[in-house]
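Colleague: Could you have a look at this structure, given as structure tokens, before my questions?
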Ligand SMILES: [Zn+2]
Ligand SMILES: [Zn+2]
């Protein structure tokens, strides 16, 4: 499979560059979806449905006369002005594929190509479902991103297992990271205001000072992880915005703030929210008040141990025993987590660093990948699906 995928390298690079040069924001992936649908039609033998989860595409290869495995790629880009100067640089200025979803889209089209040929040749039973998902990076007004939108439209109905990959521009080429259990964090946002009377800077005692309260509230918030929660359970709280005040001698009556909460278990997630509420209560103890709204985002992602085992075996066969990176999971979030709630699944991280010592982090204007990762990723996904349909690996 790897050799076959390598023979498609030029086509994978062409597709990735095409998508990269024409990036589209979340839920606006119309050109990308059309390119995907056209390419699947050209490959042939695939039932293609568009407009799934707003701008998503589903391709079904095979039928229900056997197990179904779904493979997901996300298609959206980010509102970033690209600083990479290449023939494939974004032509949609202000929008950039700075997370590698262009590569995911190209690789999954490669998987469709690889499996289409195997399907006929090997007389396979069952079905492979290609999920080209919109909007992983953002959610709509109802708080739903692309994965739950596609699930609402039936994308995971009848699916027995689901897999996906994400490129990692900081992991060396030829390396793979995949872990059993918690693989991505649950993410919740909070928006809050600290309320007081404000007043003259010369006479703080005549009113209630929101800046004073803010200092105490931030202390209480950052004390949650170290003093109020089990220290061996991973979680993090970060304040990303504080806004208030208008002049040196005016004590503001209101200060606005926003932050993010990351955790794995639902139990800890609930406790964290409770503790945030308690921390803001400090404002009341100091004579003021607060408003707090916590918005639930993506759930934590759970990688099924069996599916992880299949992918690890294939990764070792293709890339050698030293290919599996053992670093612990971080607190990044991924809406693929919703799909893993519907069927046993796993996501692997694929090494894609260019390897010249320059750090091209995700979500930055200089993000870029080594395109030699494309055939490797396509082959790992295709081989995993093939073994599942052949019954060589089982749930
Ligand atoms: Zn991203
Ligand atoms: Zn991403």
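The values are calculated or read from the model by the stated rules, or taken from the named source; none is laboratory data. Owing to the predicted nature of the structure, the values given are computational and were not obtained by experimental measurement. We place every Cβ from the backbone using ideal geometry, glycine too, and count neighbours over all the protein chains shown.
Colleague: Hey, does segment 76-98 have a residue that's within 16 Å of ligand 2 (Cβ to nearest atom), under 28 Å from residue 344 (Cα atoms), assigned by TED's automatic domain parsing to the domain that holds residue 365 and in contact with a helix residue (DSSP H, G or I) (Cβ under 8 Å, 6 or more places away or on another chain)?
Modeller: Yes - at least one qualifying residue is present in segment 76-98.
Colleague: Which of the residues belonging to segment 124-153 are farther than 21 Å from residue 109 by Cα, in a loop (DSSP other than H, G, I, E, B) and away from ligand 1 (no atom under 16 Å from the Cβ)?
Modeller: Within segment 124-153, 140, 141, 142, 143, 144, 153 meet the criteria.
Colleague: Evaluate segment 87-98: report whether one residue or more is assigned to a strand (DSSP E or B) and over 20 Å from residue 298 (Cα atoms). Show your work before the answer.
Modeller: Step one: filter segment 87-98 for residues assigned to a strand (DSSP E or B), giving 96.
Next cut, over 20 Å from residue 298 (Cα atoms) only: 96.
Looking for residues that are assigned to a strand (DSSP E or B) and over 20 Å from residue 298 (Cα atoms), one finds at least one in segment 87-98, hence yes.
Colleague: Would you check if residue 35 is more than 16 Å from ligand 1 (Cβ to nearest atom), buried (at least 24 other Cβ atoms within 10 Å of the Cβ) and not in a strand (DSSP E or B)?
Modeller: Working: more than 16 Å from ligand 1 (Cβ to nearest atom): yes; buried (at least 24 other Cβ atoms within 10 Å of the Cβ): no; not in a strand (DSSP E or B): yes.
Answer is no for this residue.
Colleague: Next question, about the same structure. I need every pair where a residue in segment 332-343 that is closer than 17 Å to residue 168 by Cβ has its Cβ under 6 Å from the Cβ of a residue that is part of a loop (DSSP other than H, G, I, E, B), sequence separation at least 6 or different chains.
Modeller: 333/185; 333/298
Colleague: Give just the number: which of (1) assigned to a helix (DSSP H, G or I); (2) out of contact with any strand residue (DSSP E or B) (no Cβ under 7 Å at 6 or more places or on another chain); (3) away from ligand 2 (no atom under 16 Å from the Cβ) does residue 338 not satisfy?
Modeller: Among (1) assigned to a helix (DSSP H, G or I); (2) out of contact with any strand residue (DSSP E or B) (no Cβ under 7 Å at 6 or more places or on another chain); (3) away from ligand 2 (no atom under 16 Å from the Cβ), residue 338 violates only (3).
Colleague: While we're on this one: Taking the residues in segment 341-367 that are closer than 30 Å to residue 394 by Cβ and part of a loop (DSSP other than H, G, I, E, B) as candidates, determine which candidate is nearest to ligand 1 (Cβ to nearest atom).
Modeller: Within segment 341-367, the first condition is being closer than 30 Å to residue 394 by Cβ, and the residues that meet it are 341-351.
Then keep just the ones that are part of a loop (DSSP other than H, G, I, E, B); that gives 341-344.
On the way: 341: 20, 342: 22, 343: 23, 344: 24 Å.
My answer is 341.
Colleague: From 240, 281, 259, 223, which residue is touching a strand residue (DSSP E or B) at 6+ places or on another chain (Cβ under 9 Å), more than 22 Å from residue 203 (Cα to Cα) and assigned to a helix (DSSP H, G or I)? Don't jump to the end; show me each part of the working.
Modeller: On the way: 240 fails: assigned to a helix (DSSP H, G or I); 259 fails: assigned to a helix (DSSP H, G or I); 223 fails: touching a strand residue (DSSP E or B) at 6+ places or on another chain (Cβ under 9 Å).
That would be 281, the only listed residue that is touching a strand residue (DSSP E or B) at 6+ places or on another chain (Cβ under 9 Å), more than 22 Å from residue 203 (Cα to Cα) and assigned to a helix (DSSP H, G or I).
Colleague: Among the residues that make up segment 103-111, is at least one of them within 19 Å of the chain's Cα centre (by Cα), within 14 Å of ligand 2 (Cβ to nearest atom) and farther than 17 Å from residue 378 by Cα?
Modeller: Looking through segment 103-111, none of the residues is within 19 Å of the chain's Cα centre (by Cα), within 14 Å of ligand 2 (Cβ to nearest atom) and farther than 17 Å from residue 378 by Cα.
Colleague: Give me the pairs, please: first residue somewhere in segment 120-139 and farther than 20 Å from residue 343 by Cβ and outside the structural domain of residue 24 (by TED's automatic domain parsing), second residue anywhere and in a strand (DSSP E or B) and within 16 Å of ligand 1 (Cβ to nearest atom), beta-carbon distance under 6 Å, and either six or more positions apart or on two chains.
Modeller: Pairs found: none.
Colleague: Got at least one residue in segment 54-68 being outside any loop (DSSP other than H, G, I, E, B), within 16 Å of ligand 1 (Cβ to nearest atom), touching a residue at least 40 places away in the same chain (Cβ under 8 Å) and in contact with a strand residue (DSSP E or B) (Cβ under 6 Å, 6 or more places away or on another chain)? Walk me through it before giving the result.
Modeller: Of all residues in segment 54-68, those outside any loop (DSSP other than H, G, I, E, B) come to 56-62, 68.
Applying the additional criterion that residues be within 16 Å of ligand 1 (Cβ to nearest atom) yields none.
Scanning segment 54-68, I find no residue that is outside any loop (DSSP other than H, G, I, E, B), within 16 Å of ligand 1 (Cβ to nearest atom), touching a residue at least 40 places away in the same chain (Cβ under 8 Å) and in contact with a strand residue (DSSP E or B) (Cβ under 6 Å, 6 or more places away or on another chain), so the answer is no.
Colleague: Let me ask something else. Scanning segment 69-83 for residues that are part of a loop (DSSP other than H, G, I, E, B) and buried (at least 16 other Cβ atoms within 10 Å of the Cβ), which turns out farthest from ligand 1 (Cβ to nearest atom)?
Modeller: First, pick out the residues of segment 69-83 that are part of a loop (DSSP other than H, G, I, E, B): 75-77, 79-83.
Remaining after also requiring buried (at least 16 other Cβ atoms within 10 Å of the Cβ): 75-77, 80, 82.
On the way: 75: 12, 76: 9, 77: 10, 80: 10, 82: 15 Å.
Result: 82.
Colleague: Right, residue 146: within 16 Å of ligand 2 (Cβ to nearest atom) and either crowded, with 24+ Cβ neighbours inside 10 Å or not assigned by TED's automatic domain parsing to the domain that holds residue 53 (or both) or not?
Modeller: Values: within 16 Å of ligand 2 (Cβ to nearest atom): yes; either crowded, with 24+ Cβ neighbours inside 10 Å or not assigned by TED's automatic domain parsing to the domain that holds residue 53 (or both): yes.
So residue 146 fits the description; yes.
Colleague: Applying the selection to segment 226-237, what residues are without any contact (Cβ under 8 Å) to a residue 60 or more places away in the chain and not in a strand (DSSP E or B)? Working first, answer last.
Modeller: If we filter segment 226-237 for residues that are without any contact (Cβ under 8 Å) to a residue 60 or more places away in the chain, which is where we start, we get 226-233, 237.
Residues satisfying the conditions are 226, 227, 228, 229, 230, 231, 232, 233.
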